[in-house]
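What follows is a set of notes on a single structure, which appears directly below.
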Amino acid sequence: MIEPADDKRAITILDEDYPAAFLSLSDPPFVFFYKGDLNLLKKQCVGIVGSRRVSEYSLKATKTIAKALSLKYVIVSGMAKGIDRLAHLEAIHSGSIGILGSGIDYIYPYANKDLYELMANKGLLISEYPDHTIPYAKH
């Protein structure tokens, strides 16, 4: 579902604010789009990813791990249902970064609209894809 993204911004590899950590990637994005607090990319980050289908055990483990890691690190994850969503919810108080596989204006899955809005206001959403790009698994 496409939503207006009035406060979205873009940054290029030539900008002075381009994250230093991105420069160490084998194929850094020339441009990325974002909503939220770009300063989160200057902090130490750790990724948490997992299944969209969660068991009772994985729910408990993710809550415990995300809560503990968020005391020292910014949590980075996708924006899928399941483990990604839970990791962000547990870590949003200290900052969390959501990576989108679509344009910054495209909320997917739409069931995570509340999380998208929370992340845009209290965390950071980033995407390599321009507006109106729909999500694909390869993204």
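The values are calculated or read from the model by the stated rules, or taken from the named source; none is laboratory data. Here the structure is a predicted model, which is why all the values come from computation and not from measurement. Glycine gets a Cβ as well: all are built from the backbone with ideal geometry, and neighbour counts include every protein chain shown. All accessible areas refer to the heavy atoms of the entire protein, side chains included, with ligands and DNA or RNA removed. Shrake-Rupley method; radii C 1.70, N 1.55, O 1.52, S 1.80 Å.
Inspection of the stretch 18-31 identifies no residue that is open to solvent by 60 Å² or more (accessible area, probe 1.4 Å) and under 15 Å from residue 119 (Cα atoms).
Criterion applied to 99, 92, 126 was being touching a Leu at 6+ places or on another chain (Cβ under 9 Å), in contact (Cβ under 8 Å) with a residue 24 or more places away in the chain and open to solvent by less than 20 Å² (accessible area, probe 1.4 Å), and the one residue passing it is 126. Of all the listed residues (71, 59), the sole one being more than 27 Å from residue 29 (Cα to Cα) and part of a loop (DSSP other than H, G, I, E, B) is 71.
Quick check: is even one residue across the stretch 33-45 more than 19 Å from residue 116 (Cβ to Cβ), in a strand (DSSP E or B) and open to solvent by less than 90 Å² (accessible area, probe 1.4 Å)?
Taking the stretch 33-45 and keeping what is more than 19 Å from residue 116 (Cβ to Cβ), we get 39, 42-45.
Going one step further and asking which of them are in a strand (DSSP E or B), we end up with 45.
Now narrow it down to the ones that are open to solvent by less than 90 Å² (accessible area, probe 1.4 Å): 45.
Taking every residue of the stretch 33-45 in turn, at least one turns out to be more than 19 Å from residue 116 (Cβ to Cβ), in a strand (DSSP E or B) and open to solvent by less than 90 Å² (accessible area, probe 1.4 Å).
Close contacts from the stretch 13-32, counting a first residue that is closer than 15 Å to residue 128 by Cα and a second that is surrounded by 10 or more Cβ atoms within 10 Å (Cβ to Cβ) and of a type in the set (Asp, Glu), with Cβ to Cβ under 8 Å and a gap of 6+ residues or different chains, come to 29/128; 31/128; 32/128. A Cβ distance below 6 Å, combined with a sequence gap of six or more or placement on separate chains, defines the contacts here; from the stretch 61-79, residues that are touching a residue at least 24 places away in the same chain (Cβ under 8 Å) reach residues that are basic (Lys, Arg) in the pairs 74/43.
How many residues does the stretch 109-121 hold that are under 19 Å from residue 47 (Cβ atoms) and open to solvent by 70 Å² or more (accessible area, probe 1.4 Å)? Here the count works out to 0.
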